[in-house]
Amino acid sequence: MRFVIACPGASRTGGPEALHQLAHALSAGLGREARMLYQQPLSEAVIAHYQALYPCPREDGPDAVRDAVLVLPESEDPRRWSAHAPRCVWSWFLSETMWHPVAAYGSCGILCQSEAVRAMFAAPGGGLPDDVRMLGDYVRAVLPPGVRRRACIAVNGARNAALASALERNHGLRVRLIAGLAPEEALRAVAGCDIYLDAGWHPGKDRGPREAALLGCIVLTGRHGTASGPDVPLPDEHKLGDIHPSRIADLVRAIRREPGRHLAMQAGYRAWIAGERDRFHAEVAALADAPLVGAGLQVDGRHAVLIDAIRGSANSRLDQLVQLNAAAQGDFLPGRMTLAARLIAPWSRLASRLVNGAIALVRRVRP
């Protein structure tokens, strides 16, 4: 069976890397015919980078998917590929984001990169239906030569800029904002820090914390999004329930008083990350031998509208939380942020439970 993996052609992020990992595992690891189909816009430099890491053949043009097993990232609308007659379609959810109406995935199988996505698509009994499978990814992070580690916090700047500013300005902590850097520069910057902090919303099994752990940092996260569950298996002491600069500063100082103890507490997390590659290859082998899918999410208009409405409600509340986290340009407003997070979180959890229940209901319904 021939596989075609559609992939953005100009983006160096976790999603394209995972798609290349899949194509390489199928072709080089299992000897299956698997080809990348790059989507416009194209950057030959980006494509060359990934091809050097994960060599695999290329296809040109959407007609290449005819009679093939097509794998799409969740951001791609499967409906636009139906005219090209793929044998079957898998939509790989590399985050919890539902980019399109749920009915768009009506003839797809679903691949789940994280346990959070798995829970979203779980069957009523708690397991996975035949057309829903786990497919994770893995990270590559090697300590760059000549890097000296210092007492500095590497902070995910895309989600924590205001928090980083407060830690530096009000608590005298040295911070290295990880934002706007090429991936190699970001790894080198993180490797020079002793602590990695990402207290923002995690939409999927994020690469940043995993890479930081492999580089020897002590990782701190919040409890928002996938960071709240098994996709980020850190000790409870290292998951921040209250995103307040003074409490984070206290924890950072406590870690630096006993760095060896805190690093040892994350040994299990680092071992779990190191085992991801083997788990990924086992999941790819299971996918390669999986029966063709075609039934996918069986929904009618009423249930599709229900799920989309609930999902939209959840996303709007999560967006509010993210915007509040990034909004402060001058003084950080911890009281407002903490209150907002506390007000929004219960509604977000309720919305997530409603989504899971609605999808479970849909899977029992046949139009």
Next item on the list: Could you calculate the FRET efficiency of residue 158 with residue 85 from 1/(1 + (r/R0)^6), where r is the beta carbon distance between them and R0 is 41 Å, rounded to 0.05?
Entry: 0.60
Checklist line | For 97, 226, order by how many other beta-carbon atoms lie within 10 Å, fewest first | finding: 97, 226
Next item on the list: Arrange the following residues from fewest to most other Cβ atoms within 10 Å of their Cβ: 197, 30.
Entry: 30, 197
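Once the other residues with Cβ under 13 Å from the Cβ of residue 164 are scored (Lys, Arg +1; Asp, Glu -1), what is the net sum?
Numbers: positive: 159, 169, 174, 176; negative: 168, 198.
Here the count lands on +2.
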Checklist line | Under 13 Å, Cβ to Cβ, from residue 22 - net charge with Lys/Arg +1 and Asp/Glu -1 | finding: +1
Margin query: Just want the ordering: 110, 47, from fewest to most Cβ atoms lying within 10 Å of their own Cβ.
Written below: 47, 110
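Given axes a ≥ b ≥ c from the Cα gyration tensor, I'd like to know whether the range 1-71 is rounded (a/c under 1.5), prolate (a/b larger than b/c) or oblate. Can you show the working numbers first?
Details: a/c = 1.95, a/b = 1.22, b/c = 1.60.
It is oblate, given that a/c is not under 1.5 and a/b is not larger than b/c.
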Check: What percent of all Cα-Cα pairs in the range 150-267 falls in each 5 Å bin, counting up from 0?
Finding: 2, 12, 25, 27, 22, 10, 1
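The numbers here are math on the coordinates, done by the rules we state, and not lab data. Fair warning: this is a prediction, and the values are worked out from it, not measured in the lab. With ideal geometry, Cβ positions are generated from the backbone for all residues, glycine too; neighbour counts draw on all protein chains shown.
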